[in-house]
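Some notes on the structure that comes next.
The values are calculated or read from the model by the stated rules, or taken from the named source; none is laboratory data. Just so it is clear, the model here is predicted, and its values are computed rather than measured. Cβ atoms come from the backbone with ideal geometry, glycine included; neighbour counts cover every protein chain shown. Quick note on the areas: whole protein, heavy atoms, side chains included, nothing else; ligands and nucleic acids left out. Shrake-Rupley method; radii C 1.70, N 1.55, O 1.52, S 1.80 Å.
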Amino acid sequence: AQTVTQSQPEMSVQEAETVTLSCTYDTSESNYYLFWYKQPPSRQMILVIRQEAYKQQNATENRFSVNFQKAAKSFSLKISDSQLGDTAMYFCAFMKPGGSEKLVFGKGTKLTVNP
Amino acid sequence: GAGVSQTPSNKVTEKGKYVELRCDPISGHTALYWYRQSLGQGPEFLIYFQGTGAADDSGLPNDRFFAVRPEGSVSTLKIQRTERGDSAVYLCASSRDREAEAFFGQGTRLTVV
């Protein structure tokens, strides 16, 4: 079974600064997807960024980028130019394609952006 | 609607009662998922529907939990004889097809007292 570990329960950053959230995972699969989701107090999970394991190039979405290290099974999220609206819970998730394609989530990191 | 809709937003029930939680997926999305998020945890998979059929119900914790999707659109998660340990946020997600992005609703917060 796959597991996802987020070792930072809470993080804080000053507005406009850069912060990196860590995620490691365990799997024997060679093909899979990794995700970062944001969950604000509204409870709705919002997709931030997605990485396909067979792609060596790290995914980027505007201020959000990942550092995907397949051999180390590491998938960190970097948020540049942090904004107050980035304050939320962030969850790392794993998905094996084929079958049910369910998401396996970590426990989350609570990020606070301070003015 | 434009997004995944879940009702009710909050539900308080007494231990031992029966509850139904509803999910309206995005129109045309064939895949539908239910997840349970306990306090301080990430969401955990409960069940997956492809169309009308439950293709994977391996995450349902016991036989008190059941879900249906009779017409391949709206889904209902049913919990019998609720226990205090069932208190959690129940999230629904839908996607257009396989490997497509999953869109989540805002969840139903269930509190069993």
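Rounded to the nearest 20, the Cβ-based charge dipole of chain B about its Cα centre (Lys and Arg +1, Asp and Glu -1) stands at 420 debye.
Loop-resident GluC sites (Glu not before Pro) (DSSP state other than H, G, I, E or B) in the range A:6-54 with no more than 15 further Cβ atoms inside 10 Å of their Cβ: A:15, A:17, A:29.
Using a 1.4 Å probe on the heavy atoms of the protein chains only, list every residue of the range B:18-36 that has 30 Å² or more less accessible area in the complete assembly than in its chain alone. Those residues are B:33, B:35. For residue B:97 and residue B:63, what is the calculated FRET efficiency with R₀ set at 41 Å and r taken between the beta-carbons, to the nearest 0.05? My answer for the efficiency is 0.85. Normalised by the number of residues in the range A:1-42, the average gap of Cα pairs under 8 Å and 6 or more apart makes the relative contact order 46 percent. Each Cα pair under 8 Å and six or more residues apart adds its sequence gap; the mean of these over the residue count of the range A:3-114 is a relative contact order of 38 percent. Overall dimensions of the protein assembly as shown, expressed as equivalent-ellipsoid semi-axes from the Cα gyration tensor (√(5λ), whole Å, largest first), are 30, 21, 16. Among B:53, B:12, B:43, whose Cα projects farthest towards the positive end of the dipole of chain B, with charges put on the beta-carbon of Lys, Arg (+1) and Asp, Glu (-1)? Final value for the positive-end residue is B:12. For the range A:24-49, list whatever residues lose no less than 10 Å² of accessible surface once every protein chain is in place, relative to that chain by itself, with the probe at 1.4 Å. Hits at the 10 Å² cut-off: A:33, A:37, A:39, A:42, A:43, A:44, A:45, A:47.
Too long at a 29 Å Cα-Cα cut-off: which of A:102/B:11; A:78/A:102; A:38/B:17?
Values: A:102/B:11 26 Å; A:78/A:102 25 Å; A:38/B:17 33 Å.
Checking Cα-Cα distances, A:38/B:17 exceed 29 Å.
Here the range A:3-114 has an Rg and Dmax of 13.5, 42 Å, counting Cα atoms alone.
Between the beta carbons of residue A:29 and residue B:38, assuming R0 = 22 Å, the FRET efficiency works out to 0.25 to the nearest 0.05. Overall, the ratio between the Cα radius of gyration of chain B and 2.2 N^0.38 Å, rounded to two decimals, is 0.99. Note: relative contact order over chain B, using C-alpha pairs below 8 Å and six or more positions apart, is 37 percent. For the modelled label position 7 Å from the Cα of residue B:81 along Cα-to-Cβ, which residues of the range B:7-36 have backbone nitrogen atoms closer than 18 Å? Residues passing the 18 Å test: B:14-20. Straight-line cross-link partners of residue B:15 among the lysines, defined as a Cα under 21 Å from its Cα and at least 8 positions apart when in the same chain: B:78. Protein-only accessible surface at a 1.4 angstrom probe places the residues A:102, B:15, A:55 in the order B:15, A:55, A:102, largest first. In this simple spin-label model, placing a label point 7 Å from the Cα along the Cα-to-Cβ direction at both residue B:22 and residue A:17 gives a separation of 4.7 nm.
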